[in-house]
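Scroll down for the structure; my scribbles are underneath it.
The values are calculated or read from the model by the stated rules, or taken from the named source; none is laboratory data. What you see is a predicted model; the values in this text were computed from it and never measured. Glycine also receives a Cβ, built like all others from the backbone with ideal geometry; neighbour counts cover every protein chain displayed.
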Amino acid sequence: MQTRNLKNRDDRAHALLLGGAVREMTPSVYEVTGSKHYTVITLSATTTCTCPDHEYRQVVCKHIRAVELYQASTHQMHTVREMVVA
């Protein structure tokens, strides 16, 4: 059951990212909009989300995962740009 929940969160995170639901407010604060608006805060040692899934279950929710995917894709785009410019 745990693996299935993780896969569902991952699938939903991808859907949020592809749907343009992740918006970077500052380098460490993101707004993720699905059925509601949630705030994800990334600090060096911890990441939090205002959604009930994260607040009550203390799990990596779909919003946090979507931000992680967003950060990874943004980093990859910057790396490619640097290679093209060089």
Exercise for the section: State the number of residues belonging to the stretch 29-54 that are surrounded by fewer than 17 Cβ atoms within 10 Å (Cβ to Cβ) and closer than 22 Å to residue 7 by Cβ. Expected result: 3
Handout entry: Test: residue 15 is of a type outside the set (D, E, K, R), modelled with pLDDT of 95 or more and surrounded by 11 or more Cβ atoms within 10 Å (Cβ to Cβ)
Key = no
Fill in the blank from the handout: Filtering the stretch 18-60 down to residues that are of a type in the set (A, V, I, L, M, F, W, C) and at pLDDT 95 or above yields 21, 22, 25, 29, 32, 40, 41, 49, 51
